[in-house]
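Notes for the one structure printed next.
Nothing in this text is a laboratory measurement; each read-out follows from the coordinates by a stated rule. If you're wondering where the values come from, they're calculated on a predicted model, not measured in any experiment. Ideal geometry is used to build each Cβ from the backbone, glycine not excepted, and the neighbour counts take in all protein chains shown.
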């Protein structure tokens, strides 16, 4: 499966981007690989990217819980709030077995936002509609910490991208 096909299956992009925007994002996304037990993201780190899992499995954990809060695999994404708002990582993500992923960075998304400022609202609407999924992965406090409202999310995104 190529990058375009992978990204087209991710609701954040499939429900937000048109065909040309999806093509542009796929052209800039990078394939990354992680060995078993590698840490893909550390809770609290500042970063501006997200990963879409192409193959493999990861565990998501938070310092406040001794257990894994989620196990994710093919087609799942991690790190979207850091990508969209620059928020610190809300969880640690560790490879259960080798992982291949597509990395999407702020630099990949920024040209799309410059050409189509309405994407801020469209991205925020998709994230807002997925609040239940985020709660499942990150715990119920996630929405309160990062998503007080769609308008707040749009404001955070605009500030992060300097728009």
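Each label point is 7 Å from the Cα along the Cα-to-Cβ direction; what then is the distance between the points at residue 33 and residue 105, in nm?
So the two model labels end up 2.0 nm from each other.
Viscosity 0.692 mPa s, temperature 37 °C: what is the translational diffusion coefficient of the stretch 52-108 from Stokes-Einstein with a Kirkwood Rh over Cα pairs, rounded to a whole number of µm²/s?
So the translational diffusion coefficient is about 275 µm²/s.
For a Förster distance of 30 Å, can you work out the FRET efficiency between the beta-carbons of residue 152 and residue 71, rounded to the nearest 0.05?
0.50
List 94, 71 from most exposed to least, where exposure is judged by having the fewest other Cβ atoms within 10 Å.
If I rank by nearby Cβ atoms, fewest first, I get 71, 94.
Give me 55, 61 sorted ascending by neighbouring Cβ count inside 10 Å, so fewest comes first.
Result, fewest neighbours first: 55, 61.
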